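Written out below as structure tokens is the structure these notes cover.
The values are calculated or read from the model by the stated rules, or taken from the named source; none is laboratory data. A quick note: this is a predicted structure, and the numbers were derived from the prediction, not measured. Reconstructed Cβ throughout: ideal geometry from the backbone, glycine too, with neighbour counts over all protein chains shown. Protein only, heavy atoms only, side chains kept; ligands, DNA and RNA dropped before computing areas. Shrake-Rupley method; radii C 1.70, N 1.55, O 1.52, S 1.80 Å.
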Amino acid sequence: MDTTAKPPALASPKLVKNAKGAVVPSSQMAHIAYGCEHMRIMIENARKQTFQYYRAILQNIYEKPSVIAQTYKNASDGQPVLSLRPLYLCLQCPNIMTEADRDEHIDSKRHVFSVESRNGNVYCGDCQDFIYDPELEGRRLQKGKKRKYEDTTTTDEHRLVLNNSTFLPCRAIGLRGLYNMGQTCFMSVILQTLIHNPFIRNFYLSEGHKQTECEKESCVSCALDEMFFEFHSVEKTEGFGAVNMLMGSWLAGEALAGYQQQDAHEYMQFMLNTLHFHNGGSTDAEDDCDCIVHQTFYGKLSSTVTCDNCKNTTTALESYMDLSLDIRNLPKKKKSASAISDDNQIGLQSCLDRFTGREKLGEYTCQTCDSGQNATKQLSIKQLPPVLPIHLKRFEHNKATSSKIETKISFPMALDLYPYTTQYRATQTKGSKISSPPNTSHNMNNPSNTLIYDLHSVVVHKGRIDSGHYISYSREGDDWFMFDDSKVVLANEAEVLNAEAYLLFYIVQSLEV
């Protein structure tokens with residue numbers, strides 16, 4: 001009679017509560033044998049090799065330049081690409097992969113374990129989740145270094161620590177709100193987007209601006225440096241009073257002085273210009289400026305004007321720090337993937353189509369014809385910055401009144417900007433119709449002809465133009481958070497995508513080395 005042996009019980013952690021009744025997260029579990037059944041099998045079969053390889057990966061992450069663990073090879077052409085999102089280092093071979101490549105690698109090679117490139121956490125492909133293994137976790141906390149002493153903590157001491165520990169999910173990782181100091185929500189939302197911008201954050205946390213060496217009085221950059229220090233080193237979760245930033249803004253921009261409501265877009269432009277000058281930015285040639293603001297936000301537009309008579313074309317380059325898109329009276333005739341999702345909202349791509357579309361000019365003096373002629377003007381993106389702010393023109397001002405445009409603009413989590421570039425426009429036939437939307441079918445067969453930007457922050461204006469309120473959303477890792485003055489709340493993608501956006505911040509998905 002055949003008998004079937006029972007499989008060994010999975011060593012998954014149980015739900016544990018401490019003495020205060022709070023659920024203890026897995027990172028505080030002290031007595032789990034293995035992270036998962038699959039890791040148990042791997043350690044039993046290849047214990048020495050597994051730990052040696054994991055230690056080598058941790059040394060790559062923590063001891064070598066961070067660019068190494070954040071660089072992978074493009075599957076299409078084999079070129080190295082620097083990723084701004086976490087990558088995965090295979091625990092069973094030397095591959096460094098994106099999340100999508102990781103899943104394909106698991107299916108094709110059956111290498112189910114990989115290590116996340118930022119913090120060294122282990123991912124199991126069979127569990128389809130990160131796992132907590134006590135032995136691997138001990139090595140992760142040592143950052144790949146050899147142990148200098150033996151852990152002599154007893155079981156009772158472990159239990160004492162476990163029962164009296166409080167988990168702080170927001171501690172020292174930048175998740176703090178800002179107190180409203182009198183209609184200062186316009187300032188708070190822009191500061192939150194800067195605090196969670198990885199390029200700006202890396203600059204300040206690597207002492208790119210040192211308060212001790214700055215001689216400027218009420219320096220805005222010093223105030224931002226103070227905020228990064230407070231948000232990333234001090235174990236506090238309550239709101240922060242940005243008094244020095246407020247005073248610095250008042251002194252640097254007279255129009256900002258006082259407690260009246262201001263426009264968040266105008267404050268963003270003020271901040272970028274001020275940080276440019278306070279961080280060694282040049283006042284002459286913008287192309288030669290290597291300040292952190294230009295490295296992060298600086299781009300170029302190509303403006304071409306073609307004479308309808310002689311077809312002579314003149315081209316000029318214009319610099320920009322953000323794109324301002326008109327949302328008034330957008331046509332609702334075209335219903336395509338890049339246009340309208342329903343009768344009440346218009347897609348962001350439709351706004352970009354209009355921004356880069358052909359525009360008929362009236363009286364234009366053609367140098368070739370030496371007379372006034374009709375002409376056609378068209379903008380395209382010549383150079384994209386690593387971070388692209390997009391301003392949706394919701395506020396209309398005229399001599400008599402001011403009003404707010406309530407049109408719902410839908411926007412994607414991932415935006416392909418290649419169809420709006422000068423390079424893409426050059427590939428289009430001269431006889432293409434003016435009204436036809438950009439052909440994005442190139443994405444289907446040629447992934448290298450894409451410029452994917454991921455949504456990173458959203459600024460929202462609620463209410464009327466004269467009595468509204470600003471809130472913002474920013475992504476930290478794979479999670480979204482809503483910032484409403486001093487309040488910080490976990491949000492989901494659906495909530496973010498449903499927001500009535502005023503400013504959108506897209507960040508490049510990867511950088512070529």
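Around Lys462, what is the net charge, scoring Lys/Arg as +1 and Asp/Glu as -1 over all other residues with Cβ under 15 Å from its Cβ?
-2
Probe radius 1.4 Å, ligands and nucleic acids ignored: give me the carbon and sulfur share of the accessible area of region 184-275 as a rounded percent.
47
Could you give each residue of region 470-484 its phi-based ³J(HN,Hα) in whole Hz, using Karplus coefficients 6.51, -1.76, 1.60 with θ = phi - 60°, and x for Gly or Pro?
9, 10, 8, 10, 9, 9, 10, x, 9, 10, 9, 10, 9, 10, 10
Return one whole number: the accessible area per residue of region 37-159 in Å², for a 1.4 Å probe.
Counting only protein heavy atoms, the per-residue value for region 37-159 is 59 Å².
Number of Lys pairs in region 37-159 with C-alpha atoms less than 27 angstrom apart, excluding same-chain neighbours closer than eight positions?
So the count of such lysine pairs works out to 13.
Output wanted: per-residue J couplings in Hz (rounded whole) for region 101-114, from phi through Karplus 6.51 cos²θ - 1.76 cosθ + 1.60, θ = phi - 60°, x for Gly and Pro.
For region 101-114, the Karplus curve yields 5, 4, 5, 5, 5, 4, 5, 7, 9, 6, 8, 8, 10, 9 Hz.
Roll a 1.4 Å probe over the protein chains and send me the accessible area per residue for region 223-279 in Å².
45
Glu99 to Ser319: FRET efficiency via 1/(1 + (r/R0)^6), r the Cβ-Cβ distance, R0 30 Å, to the nearest 0.05?
0.30
Let me know the charge dipole size of region 37-159 about its Cα centre in debye, to the nearest 20, where only the beta-carbon of Lys, Arg (+1) and Asp, Glu (-1) is charged.
The dipole of region 37-159 has a size of about 640 debye.
Tell me which GluC sites (Glu not before Pro) from region 221-329 have a DSSP coil assignment and no more than 14 other beta carbons within 10 Å of their own.
Those satisfying the criteria are Glu235, Glu238.
Give a quick list of trypsin sites (Lys or Arg not before Pro) in region 452-506 that DSSP marks as loop, anything other than H, G, I, E or B, with at most 16 other Cβ atoms within 10 Å.
Sites meeting the loop and neighbour criteria: Arg464.
Once amide H atoms are placed 1.01 Å from N in the peptide plane, what residues at a sequence separation of 5 or more from Trp480, or on another chain, have their amide H within under 5 Å of its amide H?
Ala491
Whose amide H sits under 5 Å from the amide H of Lys382, counting only residues 5 or more places off or on another chain, with H placed in the peptide plane?
Under 5 Å from the amide H of Lys382: Lys300, Leu301, Ser302, Thr422.
What Kirkwood hydrodynamic radius, in Å, does region 37-159 give when the mean of 1/r is taken over all pairs of distinct Cα atoms and then inverted?
15.3
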